[in-house]
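First the structure, in the form of structure tokens, and then the observations on it.
We did not get these values from a lab; they are worked out from the coordinates using the rules stated. The structure presented is a predicted model; accordingly, all values stated were derived computationally and were not measured. As a convention, Cβ positions derive from the backbone with ideal geometry for all residues, glycine included, and neighbour counts pool all protein chains shown.
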Amino acid sequence: MTDTPIDPSVAHGARVRNYWLGGRDNYPVDREVGDTVRELMPQVVEAARGDRLFLRRAVTHLVREEGIRQFLDIGAGLPAAGNTHEVAQAHVPDARVVYVDNDPMVLAHARALLMGTDEGRTRFVGSDLRDTGTVLEAARRTLDLDRPVGLTLLGTMGALGDLDEALGIVRAYMDALAPGSFLAVCDGVLTGAETTADERAPEALRHWRESVAQPYHMRPVKEFGRFFDGFALVEPGIVSVTRWRPEPVEVGEVRDIPQYCGLARKV
């Protein structure tokens, strides 16, 4: 994530994603890039939607099955249907949620739209995820870090090109959270199928790098799995978002897409 000024003439990752999700918070340049990438790699829209589905399923599981009542959502992105606080507070109105992002456009939208219940608390922190001390200090004003927290990093860690740096950041956050806390991560991955099943996928990734202000790095599945080292994975483990506790489908079969996720507990 980078602290990028709002520039409607340059495509922005959060706005392109908003376009794929059917939102209106985007500009023509975002839609142009979104259409080109989608034409080259049609699964990208399914991946963006799968990210939101995983968010809903993971948060629901944490609230209903694990008793989690507070969440730290880092890399929140532009508000869309089914935000963390909406999912959590639909089950437990007194749930507390802290969103973190350092993008000024995201900040402006979030402050206007991310309103929680009267019983719960919803707060937005404008900070870079790399500044773990500042983020945690701000989170403590709303969350009790001596009790379990659900940490979500969805579509976020791909913004960091250095794997060791990314792993260190996740570890710093989890080290600060109480035992019984959970880590949810979701990002695009390289499975090998994108170069054999669809030869246009590498071109789509190149177009993104050349056109969008925010970089994004897809990692091999094995590297993605390292985010959960030392934690207890919740079934079904590290899988494509389509296979993380899917809802029954009436027609067709669940198929893998290169957007992987996992949920794990700090013991």
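Over 26 Å, how big is the tail of the calculated P(r) for segment 118-267, in percent of all Cα pairs?
In whole percent, the long-distance tail amounts to 35.
State, to one decimal in nm, how far the label point of Ala108 lies from the label point of Asp128, with both points 7 Å from Cα in the Cβ direction.
The modelled label-to-label distance comes out at 2.2 nm.
What nm value, rounded to one decimal, do you get for the distance between Thr142 and Val92 when each label is placed 7 Å out toward the C-beta?
The modelled label-to-label distance comes out at 1.6 nm.
Testing the spin-label approximation: label points 7 Å from Cα along Cα→Cβ at Glu253 and Arg56. State their distance in nm.
Between Glu253 and Arg56, the label points sit 2.5 nm apart.
Can you tell me what share of the DSSP beta bridges in segment 13-265 is antiparallel? A percent to the nearest 5 is fine.
Once the DSSP bridges in segment 13-265 are tallied, antiparallel ones form about 35 percent.
Could you give the length gained by full extension between Arg24 and Asp175, i.e. 0.36 nm per residue of separation minus their alpha carbon distance, to one decimal place?
50.6 nm
Note the full-extension length gain between Arg209 and Glu66 as 0.36 nm times their separation in residues minus their Cα-Cα distance, in nm to one decimal.
47.6 nm
Kindly put Phe124, Phe227, Phe54 in sequence by how many other C-beta atoms sit within 10 Å of each C-beta, fewest to most.
So the ranking, lowest neighbour count to highest, is Phe124, Phe227, Phe54.
Cβ under 15 Å from Val170's Cβ, Val170 left aside: what net charge do those residues give with Lys, Arg +1 and Asp, Glu -1?
Overall, the nearby charge balance is -4.
For the chain, build the charge dipole from Cβ charges (+1 Lys, Arg; -1 Asp, Glu) around the Cα centre, then report which of Pro148, Gly13, Val37 sits farthest towards its positive end.
Selected residue: Pro148.
Can you put Arg130, Arg38, Arg206 in order, fewest other beta carbons within 10 Å first?
Going from least to most buried by this count: Arg206, Arg130, Arg38.
When the helices in the chain are scored as -39500 (n - 2.57) per DSSP H run of 4 or longer and the sum is shared across all residues, what 222 nm value do you end up with, to the nearest 500 deg cm²/dmol?
-11500 deg cm²/dmol
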